[in-house]
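Below: the structure, in structure tokens.
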Amino acid sequence: MSLITRNVFRTLVQGSQHVSKGLHTTAVNADKNVCFAPLSISTLQASKEGRIKCTLIPGDGVGPELVYSVQEVFKAANIPVDFESFFFSEVNPTLSAPLEDVVNSIAKNKICIKGILATPDFSHTGELQTLNMKLRNALDLYANVVHVKSLPNVNCRHKDVDCIIIREQTEGEYSALEHESVPGVVECLKIITAAKSERIAKFAFDYAVKMGRKKVTAVHKANIMKLGDGLFLRSCEEIGKLYPRIQFEKMIVDNCTMQMVSNPNQFDVMVTPNLYGNIVDNLASGLVGGAGVVAGASYSAECAVFEQGARHIFSGAVGKNIANPTAMLLCSANLLAHVNLHSYSKMIKGAINKVLSDGKVRTKDLGGQSTTKDFTNAIIHCLT
Amino acid sequence: MALRLLSKARVVPELRNVAFASSAAAPAELSDFDMQHKTPVIRKQQLIPKAQYGGRHAVTMLPGGGIGPECMGYVREIFKYIGAPVDFEVVDIDPTVDNDDDVQYAITTIKRNGVGLKGNIETKSEAAYVTSRNVALRNELDMYAYVLNCKSFAGVPTRHKDIDIQIIRQNTEGEYAMLEHESVRGVIESMKVVTASNSERVARFAFEFAKKNGRKKVTTVHKANIMKLSDGLFLETSRRLAKEYPDIEHNDMIIDNCCMQLVAKPHQFDVMLMTNLYGSIVSNVVCGILGGAGLLSGRNYGDHYAVFEPGTRNTGTAIAGKNIANPIAMINASIDMLEHLGHHFHADLLRRAVNKTVNVDRILTPDVGGSSSSSEVVDSIIDNIETVAKNEIPIVLA
């Protein structure tokens, strides 16, 4: 009997949660919050000659310049990847391709390489979701992975940093549920669900298994947000039990950021809710050389979108030919590994390592004077 | 009764501590009564998010013993070549150890990943309390249905041609309930457990399978003339379910007659449904008819998990490391796995390549009348992948 009561109660609660979400989300988002991904076929799109199709979103700021660098390298290495390019931008809505087209293309190709999309601090239309969030929600790109790794000859305070930060990016603080209940009082809802928390925890542990890692750290603030972050933490603990050979530990986000800047080598794989992940990603990127050298990727069950780890459009550098394409090139190498083109992936990674170790060609952010184009050419020279 | 429990406690004093090592949720203190019923027929499974990320699947790989590791090596080589979007998590199980840690870990990984590819696992320990690893795995994951796809290979010389039988076997109970005891000294009782719920599940699975795959007939194999209650229940259940599927013909056959019919006139069979032990016997008979242990692949299905393995569950320790083991069975198992995961493009490519190697080029290992080594077969398959990818070579049907 108690079981029945509990279940009935649960259904009611879930039902009400669902309804409340529908009420709060803005109208535009309500009909677009569909997952296109499961509808498509599951093999990676490979045409007859064994070429692979990949969606390309150059993005805003220096994005197009970096993407151009990737295309140059792919052309030089004769890599069998064809790009399907979309201009996609929130700050330039008139020229931007419709969301549906981009989503359908990614769902079809399964892979995408994406520059950074600029997100304005205010909304003209009252729309609360950014374009980035809409894209993620439409494709259900729930897991963001940033592999923070020290690169050779990039001088930083810490040596040999090597950690993987995994971030839930479809709920939490980014649910776009904000309203002004009384003038002067704004409520911003942070949504944590057991299903999504378990999903990201499982992703993190599975990723750790795949990469042969030993430890997963859950980053949280459950001492303050006892229910929300508490649920996230409990889900992680629960899933962690399925991985007896991987150590699980938890850390409060404030302590985590301190530990990160003082002793980053203690971290292995980190799993975080949305906002903390964003902060920790950027912090960790700063530790190894900044936004220009850290690659990341977002995963749904079906698709993978490769993008920079720290998302800065670097608008000050647009057209100056000084942005560092390392991060984008690393992204492209990861993309090639994802579609089983391991030899090409190794070739690009090897070239990046060689150029950086030689240290002759450096962009401005790494203390050199070389241009983006010089760097790209140096990489192309080192392709073997 | 008291005497029995007492003697049991004396014979295997460790039993109390370890018997539950293979059980999912073992309470701390258990009575003998609990212990006797230690294998609940249907286990409750915890739902875990699926392991599919960016289109790639994580799959547990249990190489097992004997020829398992080398065959898995071939599968990985081929998967790498065709670029199958699968990441293997390899779990090695030490056959000599007397505890179940590795097996438990393997079971956990399959629960996480949902899908496994496995060789045959050796259970070297003969201690009564160490259960067969293979049986433990199936019971623990509640994989109640086993499907063996028995289809003739045109390139393999056999007495009967064009055989196409699907064997569906109850996989978790029956004679494999692992409930045996010595009631009086010199008298052993082994329990065969048949339950209505499990019989119904597997029968429904068989009829659904027949319907989905356009099969015409389901034959229930039993020995209900002797075991009137247990096999009677199994037969009764399948007859009852047959009424729900009027399009599919249903008949039944006694196991001994069935074996005779199989070797004499195998073409009369379409889908066969049977309990655990009969399934084991019949699948080996059919494998023998079709060319031995090295060709066919079997699939274990539960409500939540699926494990793919070579069809005859032989370890092949004698031929391990000699480069003569037939890799086709394991490769077929991996094709089944790719199809289960929905990677039809890669599955189809690989199936056509295997078909070309076996039926057209006739590059075969000695066990099926060829003279090539295992690695030559694998190399031929890899070469053929490119050929079949370029030209649409249809599958040669028998």
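Observations on the model:
- Residues within the reach of a label modelled at B:D162 (point 7 angstrom out along Cα to beta-carbon, backbone nitrogen below 20 Å), restricted to the stretch B:355-384, are B:359-360.
- Convex hull of the stretch B:86-205 built on C-alpha atoms - directionally averaged projected area, nm²: 11.6
- Remark: mean inter-chain Cβ contacts per residue of B:341-348 equal 3, using a 10 Å Cβ-Cβ cutoff to other protein chain atoms.
- Spacing of the two label points (7 Å from each Cα toward its C-beta) at A:L383 and A:K241, in nm: 5.1
- Only protein atoms count toward the accessible area here, which uses a 1.4 Å probe; on the protein assembly as shown, the carbon and sulfur part of that area reaches 56 percent.
- Peptide-level mean, for B:383-389, of C-beta atoms on other protein chains within 10 Å: 1
- Shape call, the stretch B:260-300: gyration tensor on alpha carbons, a/c limit 1.5: oblate
- Solvent-accessible area of B:D162 with every protein chain in place, 1.4 Å probe, in Å² to the nearest 10: 90
- Distance violations [Cα-Cα > 24 Å] among A:K210/B:K390; A:K214/B:K50; A:K210/B:K322; A:K114/A:K346; A:K349/B:K390: A:K210/B:K390; A:K210/B:K322; A:K349/B:K390
- Rg/Rh, computed from the Cα trace of the protein assembly as shown with Rh as the Kirkwood radius, has the value 1.00.
- Residue-level accessible surface for A:L177, protein heavy atoms, 1.4 Å, Å²: 0
- Note on the protein assembly as shown: with charges restricted to the Cβ of Lys and Arg (+1) and Asp and Glu (-1), its dipole about the Cα centre is near 360 debye.
- Between the beta carbons of B:K243 and A:A195, assuming R0 = 30 Å, the FRET efficiency works out to 0.15 to the nearest 0.05.
- Taking the longest Cα principal axis of chain A as reference, the axis of helix A:194-211 is set at about 30 degrees.
- Cα pair distances exceeding 27 angstrom across the stretch A:79-210, given as percent: 39
- Label zone at A:L95 (point 7 Å along Cα-to-Cβ), backbone N below 19 Å, the stretch A:124-142: A:131-132
- Per residue, the convex hull volume that the Cα atoms of chain A enclose (Å³): 163
- Using θ = phi - 60° and Karplus 6.51 cos²θ - 1.76 cosθ + 1.60, couplings along the stretch A:154-166 (whole Hz; Gly, Pro as x): 9, 6, 9, 5, 10, 9, 6, 6, 8, 9, 10, 10, 10
- Label-to-label distance, nm, for residues given as A:E187 and B:D94 (7 Å Cα→Cβ offset): 5.8
- Note, ³J(HN,Hα) from phi for the stretch B:260-270, Karplus 6.51, -1.76, 1.60, rounded to Hz, x at Gly and Pro: 5, 4, 4, 7, 8, 10, x, 6, 6, 9, 10
- Over all pairs of different C-alpha atoms in the stretch A:246-321, the reciprocal of the mean inverse distance, the Kirkwood hydrodynamic radius, equals 14.2 Å.
- 5 Å-binned pair-distance histogram of the stretch A:152-228 (Cα, whole percent): 3, 11, 16, 17, 15, 13, 9, 8, 5, 2, 1
- log10 of Debye I(q)/I(0), alpha-carbon scatterers only, for the stretch A:287-343 at 0.25, 0.31 Å⁻¹: -1.01, -1.23
- Cβ crowding within 10 Å averaged over residues, with A:179-189, A:74-84, A:104-114 ranked highest first: A:104-114, A:74-84, A:179-189
- Each residue, B:D256 and B:D348, gets one label point 7 Å from its Cα in the Cβ direction; the gap between the two is 4.8 nm.
- Normalised by the number of residues in the stretch A:214-298, the mean separation of alpha-carbon contacts (under 8 Å, six or more apart) gives a relative contact order of 37 percent.
- If R0 equals 51 Å, the separation of the Cβ atoms of B:S197 and B:K80 corresponds to a calculated FRET efficiency of about 0.75.
- Peptide B:54-67 is shielded by partner chain Cβ atoms: per residue, an average of 4 of them sit within 10 Å of its Cβ.
- Kirkwood analysis of the Cα pair distances in the stretch B:73-144 returns a hydrodynamic radius of 13.6 Å.
- Using bins of 5 Å that start at zero, the share of Cα-Cα pairs per bin across the stretch A:214-345 amounts to 2, 9, 15, 17, 18, 17, 12, 6, 3, 1, 0, in whole %.
- 26 Å Cα-Cα reach of B:K211 towards lysines, excluding residues that sit fewer than 8 places from it in its own chain: B:K151, B:K161, B:K223, B:K243, B:K265
The values are calculated or read from the model by the stated rules, or taken from the named source; none is laboratory data. From a predicted model like this one, the values you see are computed outputs, not experimental measurements. Cβ sites come from the backbone with ideal geometry, for glycine too, and all protein chains shown count toward neighbours. Ligands, DNA and RNA are excluded from the accessible area calculation, which covers all protein heavy atoms including side chains. Shrake-Rupley method; radii C 1.70, N 1.55, O 1.52, S 1.80 Å.
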